[in-house]
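Reviewing the structure listed below.
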Amino acid sequence: MKISRGAHRFPWRRLLIAAPVAALLWAPAAGAQGSDIYGPNATSPEPGVLLAGQPTGEQVQLAAEDGYKTLIDLRAPAEPRGFDEVEAARLTGLVYVNLPVNPATLDQATVDRFLAAMKKAQKPVLVHDGTDSRVGALWYAWLVLERKAPQAAALAGAKTAGLRQPELKKKIEKLLAERTPSP
């Protein structure tokens, strides 16, 4: 048996190469919740629900490979994504739901459409917008109206989910106040 000249000379080289590669492959699986593996600012506030900013085409594929069934996109079709999200969802077997939301169009009907989409969605579901602020606003409505969470707890959950824009916060609080009785 012929052994090449340097095959066993520096076996530690393989370890130096393999260790960082293994760490890169293992890190996303070990810390998927709260990581950016599925999109910017991704968070999983409850089982079967992932909230995030705009995912890439690769992240959409990864979500499908990991068992996600539905993709709810809160961005208007004209907003740039960098890839054909509808086609990516179709090719990966995800149910794609587009529910455009912005501060100007956020109203009771939009809240109702979001609640209906969440109820109908096959779980697990990935809900996203561009940066996750619209996600946070509608998650706030979901927590208050569907989960019956107290307003303060729901607001904390919404902020964790990305509700940062004061205009959206004010608007969703007004819409919720119109629907929920004062204590």
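I'd like the full set of residues that are within 17 Å of the chain's Cα centre (by Cα) and without any contact (Cβ under 8 Å) to a residue 24 or more places away in the chain, limited to region 134-154. Listed by number, the list holds a single entry, LEU143. Of everything in region 99-126 that is polar (S, T, N, Q) and in a loop (DSSP other than H, G, I, E, B), the residue that is modelled with the highest pLDDT is GLN122.
On the basis of being among the polar types (S, T, N, Q), in contact (Cβ under 8 Å) with a residue 24 or more places away in the chain and either under 26 Å from VAL86 (Cα atoms) or in contact with a strand residue (DSSP E or B) (Cβ under 7 Å, 6 or more places away or on another chain) (or both), does GLN165 make the cut? Step through it out loud before you land on a result.
On the way: among the polar types (S, T, N, Q): yes; in contact (Cβ under 8 Å) with a residue 24 or more places away in the chain: yes; either under 26 Å from VAL86 (Cα atoms) or in contact with a strand residue (DSSP E or B) (Cβ under 7 Å, 6 or more places away or on another chain) (or both): no.
Criteria not met by GLN165.
Scanning region 50-72 for residues that are more than 11 Å from GLY39 (Cβ to Cβ), acidic (Asp, Glu) and not in a loop (DSSP other than H, G, I, E, B) returns a single hit, GLU65.
A count restricted to region 67-85 and to residues that are more than 16 Å from the chain's Cα centre (by Cα) and either surrounded by 11 or more Cβ atoms within 10 Å (Cβ to Cβ) or of a type in the set (Asp, Glu) (or both) stands at 4. Just to verify a result, which residue in region 102-129, among those that are buried (at least 18 other Cβ atoms within 10 Å of the Cβ) and among the β-branched types (Val, Ile, Thr), is farthest from THR180 (Cα to Cα)? Only one residue tops the list, namely VAL125. Restricting region 127-183 to residues that are small (Gly, Ala, Ser), part of a helix (DSSP H, G or I) and within 21 Å of PRO77 (Cα to Cα) leaves a set whose member that is modelled with the lowest pLDDT is SER133.
The values are calculated or read from the model by the stated rules, or taken from the named source; none is laboratory data. What you are looking at is a predicted structure, and each value in this text was computed from that prediction instead of being measured. Cβ: placed from backbone, ideal geometry, glycine included. Neighbour counts: every protein chain shown.
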